[in-house]
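J.: First the structure, then my questions, so here it is.
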Amino acid sequence: MMDRPTFKNVAASDWKRQIAERAMTTVDEVDAVLMRHAIEVQSVAPHRRRITFSSLSARGHKSGLIVAGVAQADADFDFEWTGLGPGLWVLASDDNSAGKSSLLKILRSAVRGSFPGTMKGDVWRWTANIQVEFNLDGVRHRVIVAKPAGSKATSSGSGFMASLVRWSGADWSVLYTGEEGQSFEAAMSDFFMQELGFEKFHAYQKGTDTRKTHGWASMGSALFITGSSPALFGEETMDGLSTRLIQLFIGLPWVTTQSAIRSSLAQAQAQTERAGQSDRSVREAIAVEIRKLEERRGQLIEEKSSLPDYSSLRRAQQDDDRLAASLVPKLIELRRRVAELEAEHAAAKVDHDERRNLLRQCRDEVAAGRVFRRLRPSTCPSCDADVQAARHDPGNCPLCGLAEEKETAGAEARIAHMQAEEHEAKEAMQTLSAELSATISKRDALAQQIEEIGQRVDAANRSLEGDDRGGAIERELEQVSGGISALSAAAPAEPKADGRTDVTILKVAEAVTEGCYKEAQEKILKQFSVELKRFAERIGVKNLQDVDVRTNKIGIVQGATPTTFGNLNPGEKLRFRIAAALAAVATAKWSGIGRHPGLVVIDSPASEEMSSEDFAAVVTGLKSLAEEEADVQIIVGAVMRAEISAAISGDNLRYAPKGSVLF
Amino acid sequence: MVETGFKHRDALRLLFILQAGSSVLASPDPRTGAARIFEGEKRLFAIDFWVRYPDYLADELLDFYEAKGGGDLLAAVDSIFDSEEPSVRTVKMLRWKRGAYDLIEDALSVLSSRQLVVAVEKILPTGIRQHDFLVLPAAKAFLDEAVADQPILAWYRDRAALAMRVAEFKSGTVLKDTQYEDEEYKNTPFLAYIPGIAPRVRERLLRIKSKAA
């Protein structure tokens, strides 16, 4: 046997400080993470508490019995087994179904507080009263269950009553009493966990993202070995329970804390991974949506660019309206002026024409007068009498004798004057004509301008009829842009690589915690392996060269062949399970920090697991072990064999011979 | 009333018309020696109307052109409007009972006193009195000398000839009827100046010219 391990005494404060330093954070943050994950620090190995059954009684009324196909009469039963204590205690019978398992199951139910638990239905129905007394480090306790015989119910109002009482030295104090089975089970769990100083194991199941705690139900059940099981310790291999139970019972400080850290870490990692995946998938989904929206925005912008600029159109239209409004009066004025000028011009033309006409006539008259004056009248225009020209002075009119009017400068002056007037009139007309032309040009230009303005306004009106589309585009653009902004804001941020996540701190905590017990753990596991091998051999495992129990596996070399617990045959598995329980007790004693309560209850195996002969050999092997381990109580249910009766006797044996039952 | 200050011009104009519109007598008039005769005062007024209203003459010329063709007629109408004759050459006439009318006594006295024209009267088979005008031999020479001496007077010679292309030797009644076909002429109130029709005839000319083109 190795020297006892020495443990580093690491105070919780130091532990936290180490974690903070290595995680490059603060102790407050470490505390926050621990609190967030409900990780309690258990640095001090609690001392071992002993559970020892001292008595078992069961009373009731059997009904519905059929033996060998023959109905039996109902009968009361009253079983009592008292005086139990450390050592090996055997419930034996020649026949099967003599009540051995039922009695052991009652013990198990009492320890777990779970009724009916694994008790057979008919046994439970028959039972009216159960009392199991046990010592917890010498303090007497009783589990008392009462119910109407024939009833199976454990619900409130069914008559079921369960109590846990403690002997105070003077009387029995009720620690708990209740009418509800589940409540009693919870009360017993709390009681034992507290009394034994156990902490719940935490396990994280990634598949279901649930955190499971294993409490007294698993721990208490580990004290009961019923046949084969895939687990070396306890009934389940899930969540590494078997290993953790071993660690618990053989005494490893920090194991509870470490299990809590590991389960929290696994959960946090899974959550981070899921969150990351979730975030990633959310980011990707959002990115896809943003791309769709951006594509739509691009389409809208392109469509908008093809539309007229409605605002500008409106402004231009208003400007045109104002311009037209300012120009129209000018046009009206110009039109009026044109009309005026046309009239003036027409009048001037008439005047000019008249003057031209008159001038023409005057000129023609002067010319005609000249030619006619060369001819001297020879007859009287009135009476046609001949005119004697010689009778008149030259230069006088032969008709009237008056001096002939000569064409004088007067005529020329007159014509010159008329020419001047004609010229003046022409100039006036031309001036008016020029002014009229200019005014007409202005009028026409202005009319054209107003016409163009009108056409622009009409065109703008037609274009503005399409403004609805522009407005719709603007609205949709606003929505799409808003959607892009909102989605961008909603997209989870890329995870920071160096964030002070719980995972980081928990990882460090795991490493720090392991450092606190690793060395001791190796020693303890080594010792446990030794003890396991020893006990296994003592109770009949053959050809065992080596047993190496690690935290994550159990290495067995049997017949020079490495194997595992899982590969053992059922009988060997049972032996190993029994050996493991005993090894745990021994190791706990050796380490001084183990917490196995020193109680092992073994129900007889089924024939396929181990023959009765073989089990009898186990039982006799257990006797010597029980004597070695003075404070261990081993209670066994077995089919009676000569080996057993030879080894066990007296009060340590309750025996139902053939044809009888224990109760 | 037309200004009587233009009696010499009027006399000359009438002489050109009388000369152009006269026909040769079978034998010279024994009393006056006149070899030519212009028959009908109504006819004289009608032809004088066309000389005095270039736009109405142009309209008749376009009728002739449209009926018989003749590029010279179109050219003559073109010239009338190019020279703005409706404005410059029109000598307005009054509308009276038998259409366009003017007092021509003074003008005729100028002609008769110089032995150029002699007014005569005859009774038609219908019993109606008709005034005719004997054109004396000196008239032709006088007119030729007049144009030679005063070239601006050639216009009256040419215009009289042009008017005769329209009048031909139709009777005054026929000519007057022709003139009554113009609404403006027909609808002119008595003793009102017959209005010009230049704008209408100008447009007609343009239409005909564009068609001809």
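J.: Would it be correct to say that A:GLU494 is in contact with a Lys or Arg (Cβ under 8 Å, 6 or more places away or on another chain), in a loop (DSSP other than H, G, I, E, B) and within 28 Å of A:GLU273 (Cβ to Cβ)?
T.: Values: in contact with a Lys or Arg (Cβ under 8 Å, 6 or more places away or on another chain): yes; in a loop (DSSP other than H, G, I, E, B): yes; within 28 Å of A:GLU273 (Cβ to Cβ): yes.
For A:GLU494, the condition - in contact with a Lys or Arg (Cβ under 8 Å, 6 or more places away or on another chain), in a loop (DSSP other than H, G, I, E, B) and within 28 Å of A:GLU273 (Cβ to Cβ) - is met.
J.: Taking segment A:148-167 on its own, how many of its residues are modelled with pLDDT of 90 or more and either more than 49 Å from the chain's Cα centre (by Cα) or not in a loop (DSSP other than H, G, I, E, B) (or both)?
T.: Qualifying residue count for the region: 8.
J.: While we're looking at this one, here's another question. Could you give every pair whose Cβ atoms fall below 7 Å, whose first residue belongs to segment B:71-89 and is within 11 Å of chain A (Cβ to nearest Cβ), and whose second residue is polar (S, T, N, Q) and open to solvent by less than 20 Å² (accessible area, probe 1.4 Å), counting only separations of at least 6 or pairs across chains?
T.: B:SER87/A:ASN357; B:VAL88/A:ASN357
J.: Could I ask something else about it? Sort out which residues of segment A:60-84 are in contact (Cβ under 8 Å) with a residue 60 or more places away in the chain and open to solvent by 80 Å² or more (accessible area, probe 1.4 Å), and write them in order of number.
T.: Keep residues of segment A:60-84 that are in contact (Cβ under 8 Å) with a residue 60 or more places away in the chain, which gives A:60-63, A:77-79, A:81, A:83-84.
Matches in segment A:60-84: A:ASP78 only.
J.: Can you name the residue in segment A:22-62 that is under 28 Å from A:PHE198 (Cβ atoms) and of a type in the set (Lys, Arg) and, of all such residues, is modelled with the highest pLDDT?
T.: Ranking the candidates gives A:ARG50 first.
J.: Could you list, in sequence order, the residues of segment B:93-114 that are within 11 Å of chain A (Cβ to nearest Cβ) and open to solvent by 70 Å² or more (accessible area, probe 1.4 Å)?
T.: Step one: filter segment B:93-114 for residues within 11 Å of chain A (Cβ to nearest Cβ), giving B:105-114.
B:GLU105, B:ASP106, listed by residue number.
J.: Still on this model: Identify, from the list A:ARG370, A:ARG356, the residue that is outside any loop (DSSP other than H, G, I, E, B), within 7 Å of chain B (Cβ to nearest Cβ), open to solvent by 70 Å² or more (accessible area, probe 1.4 Å) and touching a residue at least 12 places away in the same chain (Cβ under 8 Å).
T.: Working: A:ARG356 fails: open to solvent by 70 Å² or more (accessible area, probe 1.4 Å).
After ruling out the rest, the residue left standing is A:ARG370.
J.: So for segment B:41-59 (the condition being within 13 Å of B:PHE133 (Cβ to Cβ), surrounded by 20 or more Cβ atoms within 10 Å (Cβ to Cβ), touching a strand residue (DSSP E or B) at 6+ places or on another chain (Cβ under 7 Å) and within 14 Å of chain A (Cβ to nearest Cβ)), does at least one residue qualify?
T.: no
J.: Which residue is modelled with the highest pLDDT, if the candidates are limited to segment A:533-563 and must be among the β-branched types (Val, Ile, Thr) and surrounded by fewer than 16 Cβ atoms within 10 Å (Cβ to Cβ)?
T.: Initially, segment A:533-563 is screened for residues among the β-branched types (Val, Ile, Thr), giving A:539, A:541, A:547, A:549, A:551, A:554, A:556-557, A:561, A:563.
Now restrict to residues that are surrounded by fewer than 16 Cβ atoms within 10 Å (Cβ to Cβ): A:557, A:561, A:563.
Details: A:VAL557: 91, A:THR561: 88, A:THR563: 88.
So, considering only residues that are among the β-branched types (Val, Ile, Thr) and surrounded by fewer than 16 Cβ atoms within 10 Å (Cβ to Cβ), the one modelled with the highest pLDDT is A:VAL557.
J.: Let me ask something additional. Going residue by residue through segment A:249-268, is there one that turns out to be surrounded by fewer than 23 Cβ atoms within 10 Å (Cβ to Cβ), without any contact (Cβ under 8 Å) to a residue 12 or more places away in the chain and of a type outside the set (Lys, Arg)?
T.: no
J.: Give B:VAL118, B:VAL147 a once-over and let me know the one that is within 20 Å of B:VAL24 (Cα to Cα), modelled with pLDDT of 90 or more and facing chain A (nearest Cβ under 10 Å). Break it down into steps so the answer makes sense when it comes.
T.: Working: B:VAL147 fails: within 20 Å of B:VAL24 (Cα to Cα).
The unique qualifying residue is B:VAL118.
J.: Restricting the search to segment B:60-92, which residues are of a type in the set (D, E, K, R) and surrounded by fewer than 18 Cβ atoms within 10 Å (Cβ to Cβ)? It would help to see each step written out before you state the result.
T.: Residues of segment B:60-92 of a type in the set (D, E, K, R): B:60, B:63, B:66, B:68, B:72, B:78, B:82, B:84-85, B:89, B:92.
Matches in segment B:60-92: B:ASP63, B:GLU66, B:LYS68, B:ASP72, B:ASP78, B:ASP82, B:GLU84, B:LYS92.
J.: Okay, next question. Which one of these is of a type in the set (Gly, Ala, Ser), touching a residue at least 60 places away in the same chain (Cβ under 8 Å) and within 14 Å of another protein chain (Cβ to nearest Cβ): B:GLY21, B:GLY5, B:GLY33? Working first, answer last.
T.: Working: B:GLY21 fails: within 14 Å of another protein chain (Cβ to nearest Cβ); B:GLY5 fails: touching a residue at least 60 places away in the same chain (Cβ under 8 Å).
On inspection, the qualifying residue turns out to be B:GLY33.
J.: Please go through segment A:32-42 and pick out each residue that is outside any loop (DSSP other than H, G, I, E, B) and surrounded by 14 or more Cβ atoms within 10 Å (Cβ to Cβ). Break it down into steps so the answer makes sense when it comes.
T.: Just the residues of segment A:32-42 that are outside any loop (DSSP other than H, G, I, E, B), to begin with: A:32-36.
Within segment A:32-42, A:ALA32, A:VAL33, A:LEU34 meet the criteria.
J.: Then there is this: When only residues in segment B:185-201 that are free of Cβ contacts under 8 Å to residues at least 40 places away in the same chain and more than 16 Å from B:THR90 (Cα to Cα) count, which is nearest to the chain's Cα centre (by Cα)?
T.: B:LYS186
J.: A further question on this structure: Here is a check on your reading of the model: is B:ASP158 open to solvent by 50 Å² or more (accessible area, probe 1.4 Å), more than 13 Å from chain A (Cβ to nearest Cβ), farther than 19 Å from B:GLY172 by Cβ and at pLDDT 90 or above?
T.: Considered against the rule, which asks whether it is open to solvent by 50 Å² or more (accessible area, probe 1.4 Å), more than 13 Å from chain A (Cβ to nearest Cβ), farther than 19 Å from B:GLY172 by Cβ and at pLDDT 90 or above, B:ASP158 comes out as yes.
J.: Can you tell which of A:ALA638, A:ALA642, A:ALA656 is touching a Gly at 6+ places or on another chain (Cβ under 9 Å) and not polar (S, T, N, Q)?
T.: Numbers: A:ALA638 fails: touching a Gly at 6+ places or on another chain (Cβ under 9 Å); A:ALA642 fails: touching a Gly at 6+ places or on another chain (Cβ under 9 Å).
None of the others qualify; the one that does is A:ALA656.
J.: Okay, next question. Under the condition of being touching a strand residue (DSSP E or B) at 6+ places or on another chain (Cβ under 7 Å) and not in a strand (DSSP E or B), which residue from segment A:182-208 is most open to solvent (accessible area, probe 1.4 Å)? Give the derivation first.
T.: Pass one, segment A:182-208, residues touching a strand residue (DSSP E or B) at 6+ places or on another chain (Cβ under 7 Å): A:184, A:187-188, A:191, A:195, A:200-205.
Still in the running and not in a strand (DSSP E or B): A:184, A:187-188, A:191, A:195, A:200.
Working: A:PHE184: 1, A:ALA187: 22, A:MET188: 1, A:PHE191: 21, A:GLU195: 36, A:LYS200: 96 Å².
The residue in question is A:LYS200.
J.: Shifting gears a bit: (1) open to solvent by 10 Å² or more (accessible area, probe 1.4 Å); (2) modelled with pLDDT under 80: which one isn't true of A:PHE615, the others all being true?
T.: Result: A:PHE615 passes all but (1).
J.: Condition (residue is assigned to a helix (DSSP H, G or I), aliphatic (A, V, I, L, M), open to solvent by 60 Å² or more (accessible area, probe 1.4 Å) and free of Cβ contacts under 8 Å to residues at least 24 places away in the same chain) applied to segment A:467-481: is it met by at least one residue? Break it down into steps so the answer makes sense when it comes.
T.: Going residue by residue through segment A:467-481, those that are assigned to a helix (DSSP H, G or I) are A:467-481.
Subset that is aliphatic (A, V, I, L, M): A:472-473, A:477, A:480.
Remaining after also requiring open to solvent by 60 Å² or more (accessible area, probe 1.4 Å): none.
Taking every residue of segment A:467-481 in turn, none turns out to be assigned to a helix (DSSP H, G or I), aliphatic (A, V, I, L, M), open to solvent by 60 Å² or more (accessible area, probe 1.4 Å) and free of Cβ contacts under 8 Å to residues at least 24 places away in the same chain.
J.: Here's a follow-up. How many of the residues in segment A:100-116 are part of a loop (DSSP other than H, G, I, E, B) and open to solvent by 10 Å² or more (accessible area, probe 1.4 Å)? Before the answer, list the steps.
T.: In the first step, residues of segment A:100-116 are kept if they are part of a loop (DSSP other than H, G, I, E, B); the result is A:113-116.
If we keep only those that are open to solvent by 10 Å² or more (accessible area, probe 1.4 Å) as well, we get A:114-116.
Adding up the residues that qualify gives 3.
J.: Just the residues that are in contact with a Gly (Cβ under 6 Å, 6 or more places away or on another chain) and not hydroxyl-bearing (Ser, Thr, Tyr), please, taken from segment A:172-192. It would help to see each step written out before you state the result.
T.: As a first pass, look at segment A:172-192 and keep what is in contact with a Gly (Cβ under 6 Å, 6 or more places away or on another chain): A:184-185, A:188-189.
Result: A:PHE184, A:GLU185, A:MET188.
J.: Yes or no: segment A:484-507 includes at least one residue that is surrounded by fewer than 19 Cβ atoms within 10 Å (Cβ to Cβ) and in contact with a Gly (Cβ under 7 Å, 6 or more places away or on another chain).
T.: yes
J.: Only residues in segment A:12-41 that are within 11 Å of A:ASP502 (Cβ to Cβ) count as the first member; pair them with residues that are among the acidic types (Asp, Glu) and open to solvent by 80 Å² or more (accessible area, probe 1.4 Å), Cβ under 9 angstrom, at least 6 apart or cross-chain, and list the lot.
T.: A:LEU34/A:GLU40
J.: Could you say whether any residue in segment B:134-149 is open to solvent by 60 Å² or more (accessible area, probe 1.4 Å), under 19 Å from B:SER87 (Cα atoms), in a helix (DSSP H, G or I) and of a type in the set (D, E, K, R)?
T.: Residues of segment B:134-149 open to solvent by 60 Å² or more (accessible area, probe 1.4 Å): B:137, B:140, B:144-145, B:148-149.
This time we only want the ones that are under 19 Å from B:SER87 (Cα atoms), so: none.
Scanning segment B:134-149, I find no residue that is open to solvent by 60 Å² or more (accessible area, probe 1.4 Å), under 19 Å from B:SER87 (Cα atoms), in a helix (DSSP H, G or I) and of a type in the set (D, E, K, R), so the answer is no.
J.: Still on this model: So is B:GLN130 open to solvent by 20 Å² or more (accessible area, probe 1.4 Å), modelled with pLDDT under 95 and within 9 Å of chain A (Cβ to nearest Cβ) or not? Don't jump to the end; show me each part of the working.
T.: Details: open to solvent by 20 Å² or more (accessible area, probe 1.4 Å): yes; modelled with pLDDT under 95: yes; within 9 Å of chain A (Cβ to nearest Cβ): no.
Considered against the rule, which asks whether it is open to solvent by 20 Å² or more (accessible area, probe 1.4 Å), modelled with pLDDT under 95 and within 9 Å of chain A (Cβ to nearest Cβ), B:GLN130 comes out as no.
J.: Would you be able to say whether some residue in segment A:138-145 is free of Cβ contacts under 8 Å to residues at least 24 places away in the same chain and buried (at least 19 other Cβ atoms within 10 Å of the Cβ)? Steps first, answer last, please.
T.: We begin by selecting, within segment A:138-145, every residue free of Cβ contacts under 8 Å to residues at least 24 places away in the same chain; these are A:144.
If we keep only those that are buried (at least 19 other Cβ atoms within 10 Å of the Cβ) too, we end up with A:144.
Yes, the conditions are met somewhere in segment A:138-145.
J.: Out of all the residues in segment B:183-192, is one or more closer than 18 Å to B:SER79 by Cβ and either buried (at least 18 other Cβ atoms within 10 Å of the Cβ) or within 14 Å of chain A (Cβ to nearest Cβ) (or both)?
T.: Initial filter on segment B:183-192 (closer than 18 Å to B:SER79 by Cβ): none.
No, there is no match, as no residue in segment B:183-192 is closer than 18 Å to B:SER79 by Cβ and either buried (at least 18 other Cβ atoms within 10 Å of the Cβ) or within 14 Å of chain A (Cβ to nearest Cβ) (or both).
The values are calculated or read from the model by the stated rules, or taken from the named source; none is laboratory data. Since the model is a prediction, treat every value here as computed from it, not as a measurement. Ideal geometry is used to build each Cβ from the backbone, glycine not excepted, and the neighbour counts take in all protein chains shown. Quick note on the areas: whole protein, heavy atoms, side chains included, nothing else; ligands and nucleic acids left out. Shrake-Rupley method; radii C 1.70, N 1.55, O 1.52, S 1.80 Å.
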